[in-house]
1. Per residue of segment 84-93, in order, report the coupling 6.51 cos²θ - 1.76 cosθ + 1.60 (Karplus, θ = phi - 60°) as ³J(HN,Hα) in whole Hz, putting x for Gly and Pro.
2. Report, in cubic angstrom per residue, the convex hull volume of the C-alpha atoms of segment 8-65.
3. Tally Lys/Arg at +1 and Asp/Glu at -1 over every other residue whose Cβ is under 15 Å from the Cβ of Ala14; what's the total?
4. In percent, how large is the relative contact order of the chain, given Cα pairs closer than 8 Å and 6 or more residues apart?
5. With the cut-off at 1.5 for a/c, could you classify segment 81-157 from its C-alpha gyration tensor as rounded, prolate or oblate?
6. Normalise the Debye intensity by I(0) for the chain, one equal point scatterer per Cα, no solvent, then take log10 at q = 0.10, 0.13, 0.14 Å⁻¹ and round to two decimals.
7. Name all residues of segment 12-28 having a backbone nitrogen under 11 Å from the label point set 7 Å from the Cα of Asn111 along its Cα→Cβ direction, giving them as ranges.
Amino acid sequence: MMQTAAVTAGSWSADFADLKRGVGCPMCGERDDSTPDGQRFMAGRVGDAYLGRRPVRPGYAYVIWRGRHVAEPTELNAEEANEFWAEVATAARAVEARYQPVKMNWLSLGNGVPHLHVHLVPRYADDPAAGGPLEREAFDFSSIEPLADDVLATEAAALARLVERPR
């Protein structure tokens, strides 16, 4: 899902324009609770939150817009935007409660898969790029060791409980 439309440094994928319009978008449509990229811990009204299988940082999560294909937040009407960002905040609160980062980065990128989604990246005291932006290679998922299935499931379940009963 997250890695299917890889973009090489310095170029856009050949199908980027089509993906941006929603043609062949890997994030559109129904999603399962568990995917090769993560485990869902929140099914909101307009978005789904997943704990990432290959964590950029411990607790890395992402929230995917569930409605019609949208590439940018500016394509949402006011009501949709309010609801989406409220759900992103709910997911972020759960991650913060579970992992206790120093700072939480909210990244709306879409450079690889142009479908509205937000990466939630907890930042810790020992972060290699503390006080600055993430290092360029942070999202090179091929170099990140995946979480074991049991660890991913346990952590996603803990986040789901925090969504149900916020702190």
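1. 4, 5, 5, 5, 4, 5, 4, 5, 4, 4
2. Details: hull volume 6.3 nm³, N = 58.
Output value, Cα hull per residue: 109 Å³.
3. Details: positive: Lys20, Arg21; negative: Asp15, Asp18.
With Lys, Arg at +1 and Asp, Glu at -1, the neighbours total 0.
4. Numbers: 269 pairs, mean separation 45.4, N = 167.
Taking the mean separation of contacting Cα pairs over the length of the chain, I get 27 percent.
5. Working: a/c = 1.19, a/b = 1.08, b/c = 1.11.
Since a/c stays below 1.5, the shape of segment 81-157 is classed as rounded.
6. Scattering profile of the chain, log10 relative to I(0): -0.35, -0.61, -0.71.
7. Within reach of a label on Asn111, which here means backbone N under 11 Å from a point 7 Å along Cα→Cβ, segment 12-28 contributes 12.
Bear in mind that the values in this text are calculations on the coordinates, not laboratory data. The model shown is predicted, which means the values in this text are computed figures rather than measured ones. FYI the Cβ positions are ideal-geometry reconstructions off the backbone, even for glycines, and counts take in every protein chain you see.
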